[in-house]
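S.K.: Got a structure for you, written out below as structure tokens; questions coming shortly.
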Amino acid sequence: MSAANGAAPTPGWYGAEPSDTQPDDPYSGYRELRETQPVNITPEGQWRLSRYEDVRRLLRGHWAGMRQTNGLLPGQVEDEPGRGLFMLLQDPPTHTRLRKLVSKAFTPRAIESWHPRIEAITNELLDKVAARGEMDLVRDLARPVPATLICEMLGIPPSDQEEFTNWTADATHGLLTLRGIGDEALQERVEAAASNLIGYFNALIEERRKNLGDDLLSALISAEEEGDKLSPLELLSNSVGLLIAGFETTIGLIGNGLTTLIQHPAELARLREHPEWIDSAVEECLRYSGPILVSVRVLHEAQRFGGYEIPKDSEVLAMLAAANRDPEVFEDPERFDVSRYAAGRGAVPDHLSFGGGAHLCLGAHLARLESQIAIGALVRRFDELELLNERTEWGRSIFRVPGRIPIRFVDARA
Ligand code: HEM
């Protein structure tokens, strides 16, 4: 690219056109974009960065956040009190405050204490399908692991869990309707689910306030920092926010990760020989086929990227999945290598699938743990894994999340 002197780049898609139909391979388009116009403006006027160093600098910049300098979210016409209280939609000092309080309930130690339960949930799910020789990886594993776990973490009784999970799934589709994707029926389902979830959470919070337990919600209610606590609306928004942020994303990581492993039989065989590489394999799944392709920041000050000056208040897309395959940073980036992050391989740069800077995914530890256990258990126990569909059936999601992954297998224990 010829770095211009402050002039804007020529608008274009450069191979990387967004699509709500989830193309099987967005990566070749991202490669073209990164190679031909790494600092880009789309025909719709949005800036996009696709080189690793640029994306990382954007995510970590103290001069970038989620809101415009007038305090409004992009696209928002006026401040709506009580809305947008989820931490991902806030800038400092509110973001710093909310994140500190929620982090008190979401410590790595608290998450780690769920390790045995995640293993038990996974094993029960695998036992259920073992004799069948066929399963749908999404319905039978990738969805119920995070769904059951988050319900148990929140202390939702088993009799309510199915309905609660269906509301969560429907409410998560609100991310689609926010982007203007989907019809009226979807919009209605989203609204009904969101209002059911809010009603349920309000009742649950009320009940927990009277009778605190050792669940996540009680921890959020009690979280306190120098006399400061979450207000009732902040508590509600951040509880629902955690639920939505962690639902489809984890399904996507387990589902895409297993699909990628089955599509790379030599790597699957290496992982079976070295089960100790499971942590590395999950990092590589995040780098190579993570569920979130793009994050976003709003510039609070003008910034130069690739020779162009991006003005203050511009919304800039961080093309995480393009950065994750940048050959300037990753050796042989198009190769899926389960040992890339294994001990003894030297320093490998972090992938950017959990974002970065102040908004770095708060659920990263939980997502990793669930995926290491679920993916690890399945590949250890089932042999001769075979995808029954040639192409992935994508779910209805703003993220890269499969809807169904039918497979055939042989139970090694049978
Ligand atoms: C594979 C699974 C997941 C992926 C790929 C993922 C990815 C992300 C990304 C890209 C961001 C935005 C970061 C940025 O722009 O810098 C984010 C934020 C966030 N995620 Fe996750 N996430 C996952 C699972 C979870 C889970 C399980 C939870 C919690 C239950 C969670 C909670 C959050 C929260 C609370 C934020 C907002 C953090 C903040 O604004 O400070 N995520 N995640």
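Values quoted throughout were computed directly from the atomic coordinates according to the rules given, and no laboratory measurement underlies them. Here the structure is a predicted model, which is why all the values come from computation and not from measurement. Note that we place each Cβ from the backbone using ideal geometry, even for glycine, and neighbour counts take in every protein chain shown.
S.K.: Set the Förster distance to 25 Å, then compute FRET efficiency between R391 and Q187 from the Cβ-Cβ distance, nearest 0.05.
M.R.: Approximately 0.30, to the nearest 0.05.
S.K.: Take the eigenvalues of the Cα gyration tensor for the range 212-276, scale each by 5, and report the square roots as semi-axes in whole Å, largest first.
M.R.: 40, 14, 9
S.K.: While we're here: For the range 273-383, what is one quarter of the convex hull surface built on the Cα atoms, given in nm²?
M.R.: Mean orientational projected area (the range 273-383, Cα hull): 8.5 nm².
S.K.: On to the next question. Lys/Arg Cβ at +1, Asp/Glu Cβ at -1, dipole of the range 1-102 taken about the Cα centre: which of S50, T10, M66 is farthest positive-ward?
M.R.: With unit charges placed on the Cβ atoms, the residue in question is M66.
S.K.: Order the peptides 68-78, 366-376 from the highest to the lowest mean number of other Cβ atoms within 10 Å of their residues.
M.R.: The peptides rank, most packed first, as 366-376, 68-78.
S.K.: At a 10 angstrom cut-off on C-beta neighbours, averaged per residue, how do the peptides 318-324, 349-355, 262-268 rank from highest to lowest?
M.R.: In decreasing order of mean packing, 318-324, 349-355, 262-268 become 318-324, 349-355, 262-268.
S.K.: Now for a separate question. Compute the separation of the alpha-carbon centres of the range 52-76 and the range 193-211 and state it in Å as a whole number.
M.R.: The range 52-76 and the range 193-211 have Cα centres spaced 33 Å from each other.
S.K.: List the lysines whose Cα lies under 19 Å from the Cα of K210, skipping any in the same chain that are fewer than 8 positions away.
M.R.: The qualifying lysines are K229.
S.K.: Please check: in the Gaussian network model of the chain (C-alpha springs, under 10 Å), which one of G199, G257, G344 has the largest mean-square fluctuation.
M.R.: G344
S.K.: Which shape class applies to the range 1-136: rounded if a/c is under 1.5, otherwise prolate when a/b exceeds b/c and oblate if not, where a ≥ b ≥ c are the square roots of the Cα gyration tensor eigenvalues?
M.R.: oblate
S.K.: Let me ask you something else. If the cut-off is a Cα-Cα distance under 15 Å, which aspartates and glutamates reach K104, setting aside same-chain residues fewer than 8 apart in sequence?
M.R.: E112, D214, D215, E224, E225, E226, D228, E234
S.K.: Testing the spin-label approximation: label points 7 Å from Cα along Cα→Cβ at A343 and A412. State their distance in nm.
M.R.: 2.1 nm
S.K.: Note down the Stokes-Einstein diffusion coefficient of the chain in µm²/s, whole number, using a Kirkwood radius over alpha carbon pairs, 25 °C, and 0.890 mPa s.
M.R.: Answer from the Stokes-Einstein relation: 109 µm²/s.
S.K.: Hey, another quick one. When Lys and Arg each count +1 and Asp and Glu each count -1, what net charge do the other residues less than 9 Å away from E152, Cβ to Cβ, add up to?
M.R.: Once positives and negatives cancel, what remains is 0.
S.K.: Using Cα springs under 10 Å in a Gaussian network model of the chain, which residue among E393, E206, E234 shows the largest mean-square fluctuation?
M.R.: Ranking E393, E206, E234 by mean-square fluctuation puts E206 first.
S.K.: Please say if the range 135-183 is rounded, prolate or oblate, where rounded means a/c under 1.5 for a ≥ b ≥ c the square roots of the C-alpha gyration tensor eigenvalues, and otherwise the choice is prolate for a/b larger than b/c and oblate otherwise?
M.R.: The shape class here is oblate.
S.K.: Please enumerate, by chain and number, the lysines with C-alpha under 29 Å from the C-alpha of K312, excluding those fewer than 8 residues away in the same chain.
M.R.: K100
S.K.: What is the gain in length, in nm to one decimal, between L233 and D383 on full extension, counting 0.36 nm per residue of separation less the C-alpha to C-alpha distance?
M.R.: That pair, L233 and D383, stretches by 49.2 nm at full extension.
S.K.: Can you give me the distance in nm between label points at E53 and E334, each placed 7 Å from the Cα along the Cα-to-Cβ direction?
M.R.: Distance between label points: 2.3 nm.
S.K.: Can you give the net charge of the other residues whose Cβ lies under 13 Å from the Cβ of W114, counting K and R as +1 and D and E as -1?
M.R.: Result for the local shell: -3.
S.K.: Where the centroid of each part is defined by its Cα atoms, how far is the range 90-158 from the range 271-285 in Å?
M.R.: Using only Cα atoms, the two centres lie 20 Å from each other.
S.K.: Taking the Cβ of V39 as the centre, find all other residues whose Cβ is under 11 Å away and add up their charges (Lys, Arg: +1; Asp, Glu: -1).
M.R.: Here the charged neighbours net out to +2.
S.K.: Identify which of D127, D215, D54 has the largest mean-square fluctuation in a Gaussian network model of the chain, with springs joining Cα atoms closer than 10 Å.
M.R.: Between D127, D215, D54, it is D127 that shows the largest mean-square fluctuation.
S.K.: Within the range 70-98, which residues have the backbone N less than 11 Å from the label spot 7 Å out from I198 along Cα→beta-carbon, could you tell me?
M.R.: Output list for this probe position: 82-84.
S.K.: Multiply the residue separation of D25 and A364 by 0.36 nm, subtract the distance between their alpha-carbon atoms, and state the gained length in nm to one decimal.
M.R.: Fully extending the segment from D25 to A364 adds 119.6 nm.
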